[in-house]
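The values are calculated or read from the model by the stated rules, or taken from the named source; none is laboratory data. The model shown is predicted, which means the values in this text are computed figures rather than measured ones. Here the Cβ is made from the backbone with ideal geometry for all residues, glycine too, and neighbour counts use every protein chain on show.
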Amino acid sequence: MVKQDYRTCIVLTLPIILLLVFLVYPVMSVIISGLVSASGSSFVDTISSDETQFTISFTVIQASLSTILAVLVGVPGAMLLARLKFRGKSLIRALIIVPFVLPPIVVVIGFLQMFGSYGIIDTALMSITQSTTSIFNLAEGFTGIILAHTFYNAPLVMLLVSAAMERLNPEIEESAEILGADSFSRFRRITLPHILPALLASAILTFLFCFMSFPIVLALGGSTYNTIEIQMWNAFRTPDRGGEVSSLALIQIVITISLAITYIKLSRGTDNQSGPTTTIHTVSISKYKKWEKVAILTYLFSILILVGGPIAAIFRAAFFDPVTQRYSLDGFSYLITLGSEGGIQPLINSLFYGGMATLLAVTIGIPLAYSHRSKARGLSTLSSVMILLPLGISSITVAYGLLIAIAVPTGLNINPWPIIVIAQTIFGVPFTARAIEIGLKNIDPNILDQADSLGSSRLQRLLYVELPLLIPSILVGAVFAFAMAIGEMSATLFIALPQNYTLAVAIYDNLGVRRFVEAGASALILVVICVVAFLAMEKLSEGSIGGTL
Amino acid sequence: MFAWNELRGFEMTEYPVRRNPKKILGVVAIIIILVVASYGILTFWKPRFVVYTYSSFMDWGDERAEAVLERAFAPFEEKYEIDIDFVILQTDANTMVSRLNAEAANPIADVVIGIDNILILQEATRNVLEPYESPMLSLINETYINALDPEHYLTPFDFGLVTLIYSMDTINTTTHPQLDNLTLADLATPELASSLVTEDPRFSSPGLAFLLSQIAISEEFTGENWTEWWETVQGNIDVKEGWTEAWIDWSSDQNKHLLVSYGTDPAYSAQELGTAPDTAIAPFHYEGSDWAWMQVEGVGLVKNAPHPDLAKAFIDYCLNATVQSEIPLNQWMFPVRTDLTLPSVYDYAIHPDEVSILNTLLDRVEIAENLQTWLDLYIDAMTPG
């Protein structure tokens, strides 16, 4: 028995040790070495410069505005998704998450093609007004950044909030209705308090993602608008500014970690509410009043343009070459071309790194979830810190740390694919660990007792009882981790040599040299892979995506 | 005890006997190890001769860069029986230096191509390079050696003149006569400033060349505080991250007429169109002559390179006519071997003897000492509010 405990202890602490070695140590060494050997500006210089202060305030302002907009757009959708009864709901639900898991660089393409100058809307308006020059461009500067962030995060709000709403006990609403509450007061007194924790959690998560946003601001913001992440990347790329990189990383980590802690606290609060079995009372659209129908349809139409538009634009971008103004299949022939000029190598790399990272993220996520639920207080706190750390540390910091502290000393920079897998694993762990933790919580303890009394060993119980019960949660976490890995660009670009380029990096690469259809076709493939993965997962796990985040 | 046995019996009859979980885990582990190992072996990085360069190097011709590099360097590979691995980093030259710095403890690159006459002034750049004086230097004009690096951390490879260009489809010297003798004051007018696309001097070498040109002109000719010009144009001028982004913006947006680019662009335009070019040059005009900035790009030996002797031979080979003659039509720069005949479209380019060189107004020491301060001042001037 003592031996068993000892083994369990090793298994439970192993992921924490791994994260200490591959996440905490590299990041700390970046920060400390930069601050101590301060080449360039010191921490005080950095934080007191006009540039940094403008960057910080812009980062906060854009993240707040994006969050507000994402919530405003997302909540009605969440209510419809939970309340409305219609065919193909699970398909819609799987599709809604697509923007969130799309690689940011793909979002940029879709966004420019839809809302940018000479994009779909602009072209249409130009032909209506007979104008020869661009008259409509929402994809640039401040507006572009906010809109793209809304597109990105509104689906997140929709899913998290609708998941919470679906657990609303219909009896409470019925009682209220019988007692004469109108629909507005029902919303204010019953629905809102019920979804508030999920709403706040999704708002914080949205804020966090917008706060650390990199490729979108980089591509749409020009050089005027910088987030902390971008200023850090800029400082890295300018020789002799190591001190600034470290100072900015420190500032960013302090802010994001406090947000991440708040988020975890809030999402804990939601845990103990109504069980997963209750489901909200659903209605079909024909039950609504006429003006309500109009409002719903208007909303759906705007969502279709804001969220569906950029995705449709990616589809167009895969075939339509804006340079020659012709439709072509070059993008797809690129995808089946071997060698360094073709897309097969990046595609294989994407799948292999993504697959490996997912496997690792699940393998690490399972014991991490167990130790999070363990009764040993220190272990539980430590593991929850480890789960949220990757959410709060920017991918650039992680990549820089891994390169300096792990790749170069071990000589892995010659062929750095294991480093890329490690980086992608780190970004996937929060998703797997959290999904599995939720799954664990929902396991009926009686089943485990039965397994014990039937004489199964700990390993047997884990393999034949707990893991099969956890499979839906593992799948949910795995698909999220996979989507994160396959769409990851910043860290991969940072670490990779050309033979390690993934499809996401290849898109960036092709965009840079104006091979638009090649970029578009690669983006389309990524979209298809993500959608297929989510549909498969949705089928197998019966719609428990919302609880994951 | 009896009850326990009965339970056991129940289990045996109702459920199939489970296999040993350790076996299953073992099989899964073996499969994963096999997959990973085979991927690892397939992509195993054989020790090779590595050349770092930036994206778009030699990639502006009719063929892809790979074919051009293969043709130019095949004789070298044959002679030394090696494969050259051109690692084309998807970045600018600055990031290349940052990467070399990050790898300084254990470098994998032997040679780096594409560091220019300003970047070499930074200590971080010289820290990752090893001086090497090639015997082939006798073949090239000393001007380029001195303009790039008299200390021989870098050997000149190619050069270009950074200047303003405009598209003749949208404006011309009739609509805008000031294009013929352009000054900074002309550019600062809202009309021209809002039609100008340039590059961020922190990350782009033409962008930095433009900033230094502007500083040199302010110090030498107008006597104004140079930051005031940027404060005037801030909000109107379009600063893109790099040359490629700027080019895309300039060529696709019809309201953008002017671009900070190279004096060879009319030649490129003529080559693409097969006719006379639709792109023209508007160099700065002060005190009766046209001015442009000269950018010289070099090839350097990486400090502690794995194959230093090969690297030196490679640097020598870069000045060979086989390599140098690929530069004009693929890199759209001038080869530093001025004894080679240029393609006929180069008649449309401006040549170094047709302009005065702005570099002569700012000496290397002054740039090296002030570059960081200037960039900080530039950022301050361009930060809104």
Worksheet, complete the sentence: Selection over region A:436-466 where residues are closer than 24 Å to A:ILE387 by Cα and in contact (Cβ under 8 Å) with a residue 12 or more places away in the chain yields a count of 9
Worksheet entry | Which numbered condition B:GLY61 fails, given (1) at pLDDT below 90; (2) more than 13 Å from chain A (Cβ to nearest Cβ) | (2)
Discussion item. Just the residues that are part of a helix (DSSP H, G or I), touching a helix residue (DSSP H, G or I) at 6+ places or on another chain (Cβ under 8 Å) and away from every other protein chain (no Cβ under 14 Å), please, taken from region A:437-473.
Written reply: A:GLU437, A:ILE438, A:GLY439, A:LEU440, A:LYS441, A:ILE447, A:LEU448, A:LEU469, A:LEU470, A:ILE471, A:PRO472, A:SER473
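Given the structure, is A:LEU511 aliphatic (A, V, I, L, M), surrounded by fewer than 24 Cβ atoms within 10 Å (Cβ to Cβ), over 25 Å from A:VAL362 (Cβ atoms) and within 11 Å of chain B (Cβ to nearest Cβ)? I'd like the intermediate steps shown before the answer.
Working: aliphatic (A, V, I, L, M): yes; surrounded by fewer than 24 Cβ atoms within 10 Å (Cβ to Cβ): yes; over 25 Å from A:VAL362 (Cβ atoms): yes; within 11 Å of chain B (Cβ to nearest Cβ): yes.
So A:LEU511 fits the description; yes.
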Worksheet entry | The lone exception for B:SER261 - which of (1) within 20 Å of B:GLN331 (Cβ to Cβ); (2) in contact with a strand residue (DSSP E or B) (Cβ under 6 Å, 6 or more places away or on another chain); (3) assigned to a helix (DSSP H, G or I); (4) away from every other protein chain (no Cβ under 13 Å) it fails | (3)
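Evaluate the following for B:ALA105: is it within 10 Å of another protein chain (Cβ to nearest Cβ), touching a helix residue (DSSP H, G or I) at 6+ places or on another chain (Cβ under 9 Å) and small (Gly, Ala, Ser)? Spell out how you get there, then give the answer.
Details: within 10 Å of another protein chain (Cβ to nearest Cβ): yes; touching a helix residue (DSSP H, G or I) at 6+ places or on another chain (Cβ under 9 Å): yes; small (Gly, Ala, Ser): yes.
Yes, satisfied.
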Practice prompt. Please give the number of the condition B:GLN90 fails out of (1) in contact with an Asp or Glu (Cβ under 6 Å, 6 or more places away or on another chain); (2) over 25 Å from B:GLY242 (Cβ atoms); (3) not basic (Lys, Arg).
Written response: (2)
Discussion item. So B:TRP229 ticks every box in (1) surrounded by fewer than 23 Cβ atoms within 10 Å (Cβ to Cβ); (2) in a helix (DSSP H, G or I); (3) among the aromatic types (Phe, Trp, Tyr); (4) within 14 Å of chain A (Cβ to nearest Cβ) but one. Which box is left unticked?
Written reply: (4)
Practice prompt. Look through region B:364-385, keep the residues that are within 11 Å of chain A (Cβ to nearest Cβ) and farther than 16 Å from A:SER41 by Cβ, and return whichever of them is nearest to the chain's Cα centre (by Cα).
Written response: B:MET382
Response to the item:
Within region B:25-45, residues being surrounded by 10 or more Cβ atoms within 10 Å (Cβ to Cβ), at pLDDT below 80 and assigned to a helix (DSSP H, G or I) number 2
Fill in: Boolean, A:ILE61 is over 25 Å from the mean Cα position of the chain (by Cα), surrounded by fewer than 17 Cβ atoms within 10 Å (Cβ to Cβ), assigned to a helix (DSSP H, G or I) and not charged (D, E, K, R)
no
Worksheet item: Could you list, in sequence order, the residues of region A:184-221 that are within 14 Å of chain B (Cβ to nearest Cβ) and in contact with an Asp or Glu (Cβ under 7 Å, 6 or more places away or on another chain)?
Response: A:PHE214, A:LEU220
Discussion item. Yes or no: region A:370-379 includes at least one residue that is crowded, with 20+ Cβ neighbours inside 10 Å, in a helix (DSSP H, G or I) and modelled with pLDDT of 85 or more.
Written reply: yes
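Name the residue, out of A:SER33, A:SER29, that is within 27 Å of the chain's Cα centre (by Cα), within 14 Å of chain B (Cβ to nearest Cβ), more than 19 Å from A:PHE214 (Cβ to Cβ) and in a helix (DSSP H, G or I). Give the steps one after another, and end with the answer.
Numbers: A:SER33 fails: within 27 Å of the chain's Cα centre (by Cα).
Of the residues listed, the single one that is within 27 Å of the chain's Cα centre (by Cα), within 14 Å of chain B (Cβ to nearest Cβ), more than 19 Å from A:PHE214 (Cβ to Cβ) and in a helix (DSSP H, G or I) is A:SER29.
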Worksheet item: Among (1) within 22 Å of the chain's Cα centre (by Cα); (2) surrounded by 15 or more Cβ atoms within 10 Å (Cβ to Cβ), which single condition is A:PHE43 missing?
Response: (1)
Discussion item. Take the conditions part of a helix (DSSP H, G or I) and within 14 Å of another protein chain (Cβ to nearest Cβ) and apply them to A:ILE47. Does it pass?
Written reply: no
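Take the conditions crowded, with 19+ Cβ neighbours inside 10 Å, more than 22 Å from the chain's Cα centre (by Cα) and farther than 30 Å from A:ILE414 by Cβ and apply them to B:TYR348. Does it pass? I'd like the intermediate steps shown before the answer.
Working: crowded, with 19+ Cβ neighbours inside 10 Å: yes; more than 22 Å from the chain's Cα centre (by Cα): yes; farther than 30 Å from A:ILE414 by Cβ: yes.
Spelling it out, B:TYR348 is indeed crowded, with 19+ Cβ neighbours inside 10 Å, more than 22 Å from the chain's Cα centre (by Cα) and farther than 30 Å from A:ILE414 by Cβ.
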Discussion item. Filter region A:301-315 down to the residues that are surrounded by 17 or more Cβ atoms within 10 Å (Cβ to Cβ) and closer than 15 Å to A:ASP122 by Cα and list them by number.
Written reply: A:LEU306, A:GLY309, A:PRO310, A:ALA313
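Each row is one residue, and each column tells you yes or no for (1) among the small types (Gly, Ala, Ser); (2) in the same structural domain as A:ASN415 (by TED's automatic domain parsing); (3) buried (at least 18 other Cβ atoms within 10 Å of the Cβ); (4) under 26 Å from the mean Cα position of the chain (by Cα).
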position: A:ASN446; (1), (2), (3), (4): no, yes, no, no
position: A:GLY455; (1), (2), (3), (4): yes, yes, no, no
position: A:ALA478; (1), (2), (3), (4): yes, yes, yes, yes
position: A:SER490; (1), (2), (3), (4): yes, yes, yes, yes
position: A:ASN500; (1), (2), (3), (4): no, yes, yes, yes
position: A:ALA506; (1), (2), (3), (4): yes, yes, yes, yes
Response to the item:
Conditions (1) out of contact with any Lys or Arg (no Cβ under 9 Å at 6 or more places or on another chain); (2) over 18 Å from B:VAL68 (Cα atoms); (3) not aromatic (Phe, Trp, Tyr) -> B:LEU301 fails only (1)
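Filter the helices (runs of 4 or more DSSP H) completely within region A:182-267 down to those with at least 1 residues that are over 23 Å from A:ILE146 (Cα atoms), at pLDDT below 85 and not small (Gly, Ala, Ser).
On the way: elements: A:183-186, A:192-211, A:215-220, A:228-237.
Because the criterion is at least 1 residues that are over 23 Å from A:ILE146 (Cα atoms), at pLDDT below 85 and not small (Gly, Ala, Ser), the helices (runs of 4 or more DSSP H) in region A:182-267 that meet it are A:183-186, A:192-211, A:228-237.
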